[in-house]
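Peer 1: Shown below is the structure under consideration.
The values are calculated or read from the model by the stated rules, or taken from the named source; none is laboratory data. Remember, it's a predicted structure, so these values are computed and weren't measured experimentally. Ideal geometry is used to build each Cβ from the backbone, glycine not excepted, and the neighbour counts take in all protein chains shown.
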């Protein structure tokens, strides 16, 4: 992750099957300010769609998805009617809204025709990305304050994954539109790109925590040898200033991607000493970790540990789990590689959120069928909370975790190991902590309304109806059609 302010959830259930692994690494964090925000979503169907029909909310069709920057909250909504309830020519109208707790909400841009829409908060501006089936990836950089378009371009790629560097200066992405994986770095200021890899068929990448060095894990067509590389982008000022060769490159034979369970999301040491790669040992027939020292490139292995992974904030422990023993965490000392297993008061597959400034974990059954648990690594003690929930939609404010599950908003205080349900007169879908105003953004899954809550009293501090009046629509007509290879679906290329 790019900052210690952000934390990572590790949902095991999302990675049980390769077909589900497309949720991608960076999007597993709590959607904090500055993180890689995926805006696209699936519109409702069946009973949920019928519940919104013929009730006067003609501007509403779909579940909003949320991204957040330091300045604003952004949400994307579908609409099949105009503000005056007149039918549109297409039912696939997508509008991105910019919402400020004090200044209100405004429709920012119409992105109809684009898929996999995402919004990234970079130092050069807001990077808006989206793809079309035939025209590749469309990119726009918007001014943080005025929201005017500063740069726009279309690339002959399909970016299904993004990683923003700690300085917010660069964005790493994988092209899922070609048979051989290309790893790109995008300059949001100019939208120029540099291609880092061109001979891998599977890859994953992540930035170090504190500076602009990118580590990557890739495999060739045999899927039997891993290549670990580190690219140093510190000091680069433009695409022409990028290094064209990695400063570290190490081959590890006898391993393949860990696809069925952990997926190979990379764990990064908050002290920037180690990068940890979950893989599958071919000869041993079990999961294993490759622990690379990014200072000299040396690699050590730990058997029997699955990812996704998270380091504790002090860097003393790698937290993983074992698919062979559901309900069990595996703690690894990154210096000695000694392992400790922790039997949790649950039987399911654990997913977890790491505390911001303490070594506590909020743990849930990945299927949402068991009570939440707080585990304190320092005290080696667990507390069972009286709420059954999963960790699919959540955000953090310090050591407070707010999550939405089964149409409920829950608040968990990691410091006191307590939890409460926040009673709301509407049905929440997403919750995001917004730094501007220090408020919680909580939407309504059954109406086009955004609300801001006080994070301590939960009083409503603002409410905005999202109505798509005249909205500038992106012009996609001038872009030429592209001939694309069959996409691959792996690693950084996977949809976040």
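Peer 1: Taking the condition of being part of a strand (DSSP E or B) and free of Cβ contacts under 8 Å to residues at least 12 places away in the same chain, how many residues in region 100-152 meet it?
Peer 2: Result for region 100-152: 2.
Peer 1: Confirm whether residue 368 is in a loop (DSSP other than H, G, I, E, B), over 23 Å from residue 313 (Cβ atoms) and touching a strand residue (DSSP E or B) at 6+ places or on another chain (Cβ under 6 Å).
Peer 2: no
Peer 1: Can you report the number of residues in region 72-99 which are modelled with pLDDT under 80 and not in a strand (DSSP E or B)?
Peer 2: 11
Peer 1: Filter region 312-327 for residues that are touching a strand residue (DSSP E or B) at 6+ places or on another chain (Cβ under 6 Å) and at pLDDT 90 or above and give the result.
Peer 2: Listed by number, the residues that qualify are 317, 318, 319, 320.
Peer 1: Moving on. Give me the strands (runs of 3 or more DSSP E) completely within region 390-457, filtered to those with at least 1 residues that are over 22 Å from the mean Cα position of the chain (by Cα), ordered by residue number.
Peer 2: Hits in region 390-457: 408-413, 418-422, 449-453.
Peer 1: Let me ask something else about it. Among 415, 443, which is the only one that is touching a strand residue (DSSP E or B) at 6+ places or on another chain (Cβ under 7 Å) and in contact (Cβ under 8 Å) with a residue 12 or more places away in the chain?
Peer 2: Just a single option satisfies the conditions, and that option is 443.
Peer 1: So which residues in region 150-161 are modelled with pLDDT of 90 or more and surrounded by fewer than 17 Cβ atoms within 10 Å (Cβ to Cβ)?
Peer 2: Across region 150-161, the qualifying residues are 152, 153.
Peer 1: Out of all the residues in region 249-257, is one or more in a loop (DSSP other than H, G, I, E, B), within 24 Å of residue 320 (Cα to Cα) and more than 23 Å from the chain's Cα centre (by Cα)?
Peer 2: yes
Peer 1: Okay, next question. Which one of these is in contact with a helix residue (DSSP H, G or I) (Cβ under 6 Å, 6 or more places away or on another chain) and in contact (Cβ under 8 Å) with a residue 40 or more places away in the chain: 214, 259?
Peer 2: Going through 214, 259 in turn, the sole match is 259.
Peer 1: Name, by its number, the condition in (1) surrounded by fewer than 22 Cβ atoms within 10 Å (Cβ to Cβ); (2) in contact with a strand residue (DSSP E or B) (Cβ under 7 Å, 6 or more places away or on another chain); (3) at pLDDT below 90 that does not hold for residue 270.
Peer 2: If we test residue 270 against (1) surrounded by fewer than 22 Cβ atoms within 10 Å (Cβ to Cβ); (2) in contact with a strand residue (DSSP E or B) (Cβ under 7 Å, 6 or more places away or on another chain); (3) at pLDDT below 90, just (3) comes out false.
Peer 1: Which one of 221, 254, 235 is free of Cβ contacts under 8 Å to residues at least 12 places away in the same chain and either surrounded by fewer than 16 Cβ atoms within 10 Å (Cβ to Cβ) or under 18 Å from residue 274 (Cβ atoms) (or both)?
Peer 2: Checking each option against the conditions leaves just 235.
Peer 1: Which count do you get for residues in region 280-297 that are part of a strand (DSSP E or B), modelled with pLDDT under 95 and surrounded by fewer than 24 Cβ atoms within 10 Å (Cβ to Cβ)?
Peer 2: Qualifying residue count, region 280-297: 4.
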